[in-house]
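Data block below; observations after.
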Amino acid sequence: MADFGTDLSVFPDLSWTIKSGLDNLAEAAARCLITPPGSLFYAPEYRLDLKQFLNREITPETLFEIEVRATNALEADPRILSAEVSASQPQLNQLDLDIVVQAEAGPFSLVVRISDLSVEVLRA
């Protein structure tokens, strides 16, 4: 079985809960999508801040850009073999991403909701 690491949980807020396995990988995937590039000294190129797309109307072309950039960011993680991202904007200050990740242990789905107030991770 694949080892997806162990880390402290950050969702819904930074807590001292330990996550490991697929739960840890799911949280790492969400963090990857909301961390500004360059903010991590040990991996300056490995992040994407999707919060930059909030508070503005998003066109179909922008949704496609979000999907491509999110897929590329997720696939930069060596634990992720491939990712499929579908993005939507249900309301002005919110982005929803339906993600299917292919990992060594098989595929798993998660939904990431990004708003100006919070980031929610739901694993389907």
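Peptides 64-70, 16-22, ordered by how many other C-beta atoms sit within 10 Å of their residues on average, highest first, read 64-70, 16-22.
Ordered by packing density, taken as the mean number of other Cβ atoms within 10 Å over each peptide's residues, highest first, how do 27-34, 51-58 rank? Mind dumping the intermediate values first?
Details: 27-34: 20.1, 51-58: 12.8.
Ranking the peptides 27-34, 51-58 by packing returns 27-34, 51-58.
Helix 21-34 and the long axis of the chain differ in direction by around 30°, with both axes built from C-alpha atoms. The residue among Pro78, Ala30, Gly106 whose Cα reaches farthest toward the positive pole of the charge dipole of the chain, with charges on the beta-carbon of Lys, Arg, Asp and Glu, is Ala30. Pairwise alpha-carbon distances in the chain exceed 21 Å for 36% of all pairs.
Once the Cα atoms of helix 60-75 and of the chain are each reduced to a long axis, what angle between those two axes, in degrees from 0 to 90 to the nearest 10, is obtained? Roughly 20 degrees between the two axes. Assuming charge only on the beta carbon of Lys and Arg (+1) and of Asp and Glu (-1), the dipole of the chain about its Cα centre is about 180 debye to the nearest 20. Multiplying the residue separation of Asn72 and Ile34 by 0.36 nm and removing their Cα-Cα distance gives an extension gain of 12.3 nm.
Rule-based calculations on the coordinates, nothing more; no lab input. Keep in mind the model is a prediction, meaning the values are calculated, not measured. Quick reminder, even Gly has a Cβ in these numbers, built from the backbone with ideal geometry, and neighbours come from all protein chains shown.
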